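The values are calculated or read from the model by the stated rules, or taken from the named source; none is laboratory data. Since the structure is predicted, the reported quantities are computational estimates derived from the model, not experimental observations. No Cβ is skipped: glycine too gets one built from the backbone with ideal geometry, and neighbour counts run over all protein chains shown.
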Amino acid sequence: MTDLALVNANVLTMDPARPRATAVAVAGGRIAAVDEVPAKALRLVDLRGATVLPGFHDAHNHMIGFGMSLGEVDIGSPPVGSLDELYAAIARRAETTAPGEWVIGTGYDQNKLGGHHPDRDALDRAAPGCRVWLRHTSGHMCVVNSVVLADLGIDAAGTEVPGGRVATDSGGRPTGLLEERAQLLVGSLVYPYPLAELTDAIAKAAEQYLKEGVTSCTEAGIGGGWVAHSPAELAAYAAARDQGRLGVRVELMTAGEVLHPLGAHADDNLVAGLDLGIRTGFGDDWLRLGAVKIFADGSLVGRTAAMHDPFAGNGDNRGYLQADAAGLRAAIIAAHRSGWQVATHAIGDRAIDLALDAYAEALELYPRPDPRHRIEHFAVVQPRQVTRAAELGVIAVPQGRFAAELGDGMLAAVGPDRHGWLYRQRSLLEAGMVLPGSSDRPVVAGAPLLGIDGMVNRRTSSGAPFNPDEAVTAEQALRAWTWGSAYASRQEHVKGSIAPGLLADLVVLSEDPTAVSPDRIAGLEVLATITGGQPRYDAGILG
Ligand SMILES: [Zn+2]
C-alpha cells in the first residue's frame, strides 16, 4: 500500500538510469516506485500531463534574512526608482515608528539609484529622531543615519575597522556608509534578536519557499560574523521544526567565526570545531549542519570584492580581503583538517586564488577523500582558475538570478575585458565540475524558476546579454537546482533525483521547462510541492 501515487505525469527524474517516467509512488515519506502504477494507493492523483521534478534545492540562501526582510521597508529597484523615492519610502515608515525606534530597509542598489548610496543627512530629514539602517542588496554594506553613528561613537573621522570601511566624504566626515566588517558595529546595537522572532522569520520564509517549489535549502552562514542574527541561531531552526513550521529541509552553514579549539586529543586533528565536536553532516534529513562559511572578500556590485586588477573606471580600487590573507588561509586549512566541508565566499579573482591555494595546501597537508569544498559565488573567474578548481574537486556555487537583477552593475564593475569571466556555468560543466542551483536570497528574488531562467537566458534588466557564452540548457539548469545542489550538500544518495528509496521531495510544474521556449521558463507555474511525501503546497492539482 502506498500513501500517494502521481500518475499520468511527465516525470523528469534526474536519474541517469531512467531520465523520464510517467508515474511516481510514495510510501513512508520516500519514493516507493517509479513508472509502476501501484495496485493500491491511499491517494491516486491524475496529473493530466503536468511535469514532476525532484523538489528544488537552493544551495545558497539566507532564510532568516529573507524572512526578516518581509517586515522591513522594501528599498529594492523596483519598487524604488530613485534616491528621492527611497527617502520617501523611509519617511512613510517613520510616520508609524516611534522616535528612537528602528526603521530598517533592505535591498537598495546604488547602481540603480544614479550611482550614489543613500546619504545620512537625507535620512535624518526623512526619519527625524529614528534610527535608520538600510542594507545594500548584496548584504555586504549598509547605510545608517546620524543617530546611529552617534550611538556607535564613530561620527568623528578616522575610525578604522579591519576587513571593513567606515566611508567618509572629502572632509573626513562619515557618510553613513559602512562596508563589510564595519557592519558588525551596527550589529552590536541590534543583535542578538530574540529566538522567537527568528523562528517566525523562518516560518514565513518557508511558506514562501514551498509556494515556489523549494523543498531544501542551505542557509549560508549562521551564529557569528555580520551574517548572524544571534549566536544561538540554530535553536531558532530547531524551534521551527518542533512547532511544525519548518516545511523545507534546511542545511545550516556555520559561520567561520564560531569555530574554536576544542581541547581534544592531539591525534584527533580537531583544531577548529564546535562544542562536543559536532561538524559537517551532523543532524538528520530535516535539519543538518553543512559547511563552515568563510568570507574571503566582499561584493562585486559594491566594488569591495578582492580583484587582481582594478575595477573598471574606479581608479586603483581592487577591493579588499575580509581578513589578512595568512589568517584566511589558516582558517580554511584548520577547518579542513578538523573534518569540515569548507565554503569560502570568494567573488573577485584574487579572493578565488586565495581559496584555491588554501584548498590545495589543505589537501596536501591533510589528505582527505572527496572533501567537496565549495567556493560561493565564484564570480570573476580566469580560465586557469576553472581548470584548477576542477582539479581540486571544488564545487562552485554561482547564482543564476544575479544576471537579471545585478548584471548591469556587474558588467560595469569589471569592464568589457572581463565580461567573459563573469559567473561561469557552461565552462564549469565542461571542466567536469558539478553545478548547483542557488539564489542568495534575499540578495535577489529566490524563486527557483527565476534562477533557472537566469541560468538559461543570461540577460540583464536593461536587456544586455550577460556573458552569454556561459549559458546552460534548461535541462542542465534543472539538474543544478536538484541533483547538483544535493551533491554540494553531500546528499545526492538521499535526495536530488527521483528513484526508489530516496526522499519523496517533489515539485509539480504546469509545463516542462525543457520543452517550452526559454523565455517562458520564468512564467511557469508551481502547481504543488511535496516534502517527505506530504503535500505542503497545492494550487489545486492534488485535489
Ligand atoms: Zn550569501
Any idea how many residues of the stretch 1-36 are part of a strand (DSSP E or B), out of contact with any helix residue (DSSP H, G or I) (no Cβ under 8 Å at 6 or more places or on another chain) and not basic (Lys, Arg)?
-> 16
In this structure, does ALA122 turn out to be within 29 Å of the chain's Cα centre (by Cα), surrounded by fewer than 23 Cβ atoms within 10 Å (Cβ to Cβ) and either modelled with pLDDT of 95 or more or not β-branched (Val, Ile, Thr) (or both)?
-> no
Name the one entry in ALA404, ALA390, ALA445 that is farther than 21 Å from ASP297 by Cβ and either polar (S, T, N, Q) or assigned to a loop (DSSP other than H, G, I, E, B) (or both).
-> ALA445
Report the residue count in the stretch 354-381 for those that are outside any helix (DSSP H, G or I) and either aliphatic (A, V, I, L, M) or closer than 16 Å to GLY327 by Cα (or both).
-> 4
Name every residue in the stretch 270-296 that is more than 25 Å from GLN491 (Cα to Cα) and modelled with pLDDT under 95, in order of residue number.
-> VAL271
From SER438, SER462, SER497, which residue is in a loop (DSSP other than H, G, I, E, B), in contact (Cβ under 8 Å) with a residue 40 or more places away in the chain and out of contact with any strand residue (DSSP E or B) (no Cβ under 9 Å at 6 or more places or on another chain)?
-> SER462
Looking only at the stretch 411-447, which residues are more than 16 Å from the ligand (Cβ to nearest atom) and under 23 Å from VAL214 (Cα atoms)?
-> GLN425, VAL434, LEU435, ALA447
Is at least one residue of the stretch 78-85 surrounded by 15 or more Cβ atoms within 10 Å (Cβ to Cβ) and among the hydroxyl-bearing types (Ser, Thr, Tyr)?
-> no
Tell me which residues, restricted to the stretch 347-380, are of a type in the set (A, V, I, L, M, F, W, C) and within 24 Å of the chain's Cα centre (by Cα).
-> ILE347, ALA351, ILE352, LEU354, ALA355, LEU356, ALA358, ILE375, PHE378, ALA379, VAL380
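A quick yes/no check of all residues on (1) within 27 Å of the chain's Cα centre (by Cα); (2) buried (at least 23 other Cβ atoms within 10 Å of the Cβ); (3) at pLDDT 95 or above:
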{"residue": "ARG93", "(1), (2), (3)": "no, no, yes"}
{"residue": "GLY107", "(1), (2), (3)": "yes, yes, no"}
{"residue": "LYS112", "(1), (2), (3)": "yes, no, no"}
{"residue": "ASN145", "(1), (2), (3)": "no, yes, yes"}
{"residue": "LEU152", "(1), (2), (3)": "no, no, no"}
Among the numbered conditions (1) modelled with pLDDT of 95 or more; (2) assigned by TED's automatic domain parsing to the domain that holds LEU123, tell me where LEU70 comes up short.
-> (1)
Name the pairs whose Cβ atoms lie under 6 Å apart, with the first residue in the stretch 344-365 and hydroxyl-bearing (Ser, Thr, Tyr), the second within 16 Å of the ligand (Cβ to nearest atom), and 6 or more positions between them or separate chains?
-> THR344/ILE294; THR344/ALA296; THR344/ALA355; THR344/ILE375
Can you tell me which residues in the stretch 57-75 are within 16 Å of the ligand (Cβ to nearest atom) and closer than 16 Å to ALA447 by Cβ?
-> HIS57, ASP58, ALA59, HIS60, ASN61, HIS62, MET63, PHE66, GLY67, SER69
Hits in the stretch 450-465 (condition: within 17 Å of the chain's Cα centre (by Cα) and surrounded by fewer than 24 Cβ atoms within 10 Å (Cβ to Cβ)) | LEU450
Please work out if ARG536 is part of a strand (DSSP E or B), charged (D, E, K, R) and within 14 Å of VAL214 (Cβ to Cβ).
-> yes
Do we have LEU134 as crowded, with 18+ Cβ neighbours inside 10 Å and modelled with pLDDT of 95 or more here?
-> yes
Residues of the stretch 210-251 satisfying the condition of being in a helix (DSSP H, G or I), more than 16 Å from the ligand (Cβ to nearest atom) and surrounded by 22 or more Cβ atoms within 10 Å (Cβ to Cβ) | LEU210, ALA236, TYR237, ALA240
Subset tally (residues that are closer than 22 Å to PHE282 by Cα and at pLDDT below 95) for the stretch 320-369 | 2
Please go through the stretch 254-298 and pick out each residue that is of a type in the set (Gly, Ala, Ser), surrounded by 15 or more Cβ atoms within 10 Å (Cβ to Cβ) and more than 21 Å from TYR237 (Cβ to Cβ).
-> ALA272, ALA296, GLY298
Please tell me if ALA362 is out of contact with any Gly (no Cβ under 9 Å at 6 or more places or on another chain) and away from the ligand (no atom under 16 Å from the Cβ).
-> yes
Scan the stretch 466-491 residue by residue and report those that are over 19 Å from the mean Cα position of the chain (by Cα) and not in a helix (DSSP H, G or I).
-> PHE466, ASN467, ALA471, VAL472, THR473
Which condition does GLY407 not pass, out of (1) within 16 Å of the ligand (Cβ to nearest atom); (2) free of Cβ contacts under 8 Å to residues at least 60 places away in the same chain; (3) over 25 Å from ARG490 (Cα atoms), if it passes all the others?
-> (1)
Across the stretch 282-320, what is the number of residues that are assigned to a loop (DSSP other than H, G, I, E, B) and hydrophobic (A, V, I, L, M, F, W, C)?
-> 10
